[in-house]
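The values are calculated or read from the model by the stated rules, or taken from the named source; none is laboratory data. Values in this document were obtained by computation on a predicted structure and should not be read as measured data. Cβ sites come from the backbone with ideal geometry, for glycine too, and all protein chains shown count toward neighbours.
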Amino acid sequence: MQDKIHHFIKEIETFTANNLEEVEQLRLRFLSKKGILAELFADFKNIPSEQKKATGVLLNDLKNRIQERLETIKSSFKADQGSAGSDLDLTRPAEHFETGARHPLSIVRNQIIGIFSRIGFTVAEDREIEDDWHNFSALNFPEEHPARDMQDTIFIEKNPDILLRTHTSPVQIRVMEKAKPPIRKIFPGRVFRNEAISARAHCIFHQVEGLYVDKDVSFADMKQTLLYFAKEMFGEKTEIRLRPSYFPFTEPSGEMDVSCLICGGKGCNICKYSGWVEIMGCGMVDPKVFENCNIDSKIYTGFAFGMGIERITMLKYQIKDLRLFFENDIRSLKQFTGAY
């Protein structure tokens, strides 16, 4: 029996085929249910015990050689067919692929992060679906505050209130709940409000908020930080001004304007002939917010600020319709090829 197996092994090693049909015939001859290999395994039980080990090794070797030889020949046929049947002209110049571009919102977001990272701010991000405590209550919003109304907030569930966050301030609360001062972070992210979509408003937009908490942090520290940001973002000649305002989570609170990029402060239709354009809200963190996060307001002070990325982008690139950011019109996006 061993001589017979050796004969078949030699036959397999020397086997050649002119087409796939001959390969299939070989497979059926050896590997079908009534093929040579099946007959050999059936005869295996009749040989003397002292020959079974050596014969079994030969049988398995024959089986493996058949399978390997069949795969090798099939692969060679497929390779030949692929090269012979291809109409590809390897000398033809490659097709031109248009270079992609970053989205303008991504460009400005990265610029803002880069500016603040140079003065020690790090990025923190968190969930977009929030609860009432982190989105409103911990930020000192009273129960009757209009921002809680369905006209402004997109609620998912009631009792307890689960909602799409209306600002990235909840991330500030989560950071202050877990981390001890000093804290110096910025919070970029997507936010949602129940707004009618128009050239100046959208139900989805992007914010970057900032928070600095430490001992002896003052309003002057905030002003210098924001002046540095404005000059880095809009140019060295940019000026800022702070106007009194109100936010539940800061006291005192302010709105920050920058000198108009278009007219240089002389007055135009972009700045409504005032020479100034509002870009963000800011203020000193209210002691009540610190108490809600278990931070001692007698030891620590801090400032916070927040800006809309869309607004900064519209100013920087003179884009007049907010909807262009969400339509993915290739004609609009092409303008930013090669941008930062």
Report every pair of residues separated by at least 6 positions or lying on different chains whose Cβ atoms are under 7 Å apart, first residue within region 97-123 and in contact (Cβ under 8 Å) with a residue 24 or more places away in the chain and part of a loop (DSSP other than H, G, I, E, B), second buried (at least 17 other Cβ atoms within 10 Å of the Cβ) and of a type in the set (D, E, K, R). GLY120/ARG184; PHE121/ARG184; PHE121/LYS185
Do we find a residue being assigned by TED's automatic domain parsing to the domain that holds VAL108, closer than 23 Å to PRO104 by Cβ and polar (S, T, N, Q) anywhere in region 275-293? no
Note on TRP276: of the conditions (1) touching a helix residue (DSSP H, G or I) at 6+ places or on another chain (Cβ under 6 Å); (2) without any contact (Cβ under 8 Å) to a residue 60 or more places away in the chain, unmet is (1)
Looking at region 124-138, is at least one residue surrounded by 15 or more Cβ atoms within 10 Å (Cβ to Cβ) and under 30 Å from GLU236 (Cα atoms)? yes
Within region 178-202, restricting attention to residues that are exposed (fewer than 15 other Cβ atoms within 10 Å of the Cβ) and over 27 Å from PHE229 (Cα atoms), which residue is modelled with the highest pLDDT? LYS178
Given the structure, is THR153 surrounded by 18 or more Cβ atoms within 10 Å (Cβ to Cβ) and in contact with an Asp or Glu (Cβ under 6 Å, 6 or more places away or on another chain)? no
Hits in region 239-270 - residues which are under 21 Å from TYR212 (Cβ atoms) and polar (S, T, N, Q): SER245, THR250, SER253
Given the conditions (1) within 24 Å of LYS288 (Cα to Cα); (2) outside the structural domain of GLN207 (by TED's automatic domain parsing); (3) of a type in the set (Asp, Glu), every one holds for GLU98 apart from (1)
